[in-house]
1. So what are the ³J(HN,Hα) numbers for segment 63-70, from phi and the Karplus equation (6.51, -1.76, 1.60; θ = phi - 60°), rounded to whole Hz, Gly and Pro as x?
2. Can you tell which of PHE155, PHE124, PHE44 shows the greatest fluctuation in a Gaussian network model of the chain with Cα springs below 10 Å?
3. Just from its helices, what would the mean residue ellipticity at 222 nm be for the chain, if runs of 4 or more DSSP H residues each count -39500 (n - 2.57) and the sum is divided by every residue, rounded to the nearest 500 deg cm²/dmol?
4. Pairs of Cα atoms under 8 Å, at least six residues apart: use those to get the relative contact order of the chain, whole percent.
5. Taking every DSSP beta bridge with both residues inside segment 1-154, roughly what % is antiparallel (nearest 5)?
6. Which value, in debye to the nearest 20, describes the size of the charge dipole of segment 56-108 about its Cα centre when Lys and Arg Cβ atoms bear +1, Asp and Glu Cβ atoms bear -1, and nothing else is charged?
7. Using the alpha-carbon atoms, what tilt in degrees (0 to 90, nearest 10) does helix 25-43 show relative to the longest principal axis of the chain?
8. If one takes the longest principal axis of the Cα atoms in the chain, at what angle in degrees, from 0 to 90 and to the nearest 10, does the Cα axis of helix 136-147 lie?
Amino acid sequence: MAFTEFKHPLILDKLTRMRRIETSSKDFRENLNEIASLMVYEVFRDVPVAPIKIKTPVTDTIGYTIESPVVLVPILRAGLGMVDGIQSIIPTARIAHVGLYRDEVTKQPVQYFAKKTSDIEQSFILVVDPMLATGGSAIKAIDIVKEWGAKTIKFICLVACPEGVDALSKAHPDVDIFAASLDEKLDADSYIVPGLGDAGDRIFGTK
């Protein structure tokens, strides 16, 4: 497992805009998608490519294409806020979905929806969620994706905390984690500090 925290000035600037309490849902969504698209460049750094023969206006030559199909797996609902930004860079990416909610008694994630794509065993999987807090939802989502037969999986989030990174890396040591920021800690209510609040509510304008 590798953990990557992004320090790019553009990402730091946009994340700061998102953290502000006065930021509107519209601006929050726009900056989230922009950060997601910026992060994809680094996430795909080591993705295998295959040579293909192509014809340019001048001559025949060899080009390159991503070797495996790409599948995005947003964890509903907040993960949907990152899909458009990633698809703007990888428009051919297909989308599977995993829906989870937290049981009020056990505090554990419970699956209420899951829909996979075809050929997921051969695909490059990106599980996405803006927050990596306790790690429970990310672990459960990756459990589900592995049950589908997925082999190559990466997890992308906006804000993580040490507790979540530790839990996810122990549960799935083969999954690389990418975050725009590693924040300080979890508070007593399992919110990331300093964080940015409830990402789902801020994306969709709900309470």
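1. Taking θ as phi minus 60°, the curve returns x, 9, 9, 4, 5, 10, x, 10 Hz for segment 63-70.
2. Of the options given, PHE44 has the highest mean-square fluctuation.
3. One gets -9000 deg cm²/dmol as the mean residue ellipticity at 222 nm.
4. Dividing the mean separation by the residue count of the chain yields 23 percent.
5. For segment 1-154, the DSSP antiparallel bridge percentage is about 50.
6. Charge dipole, segment 56-108, about its Cα centre: 240 debye, nearest 20.
7. Rounded to the nearest ten degrees, it is 50.
8. For 136-147 against the chain, the angle is about 40 degrees.
Values quoted throughout were computed directly from the atomic coordinates according to the rules given, and no laboratory measurement underlies them. All of these numbers come straight from a predicted model, not from anything done at the bench. So basically every Cβ, Gly included, is an ideal-geometry build from the backbone, and we count neighbours across all protein chains shown.
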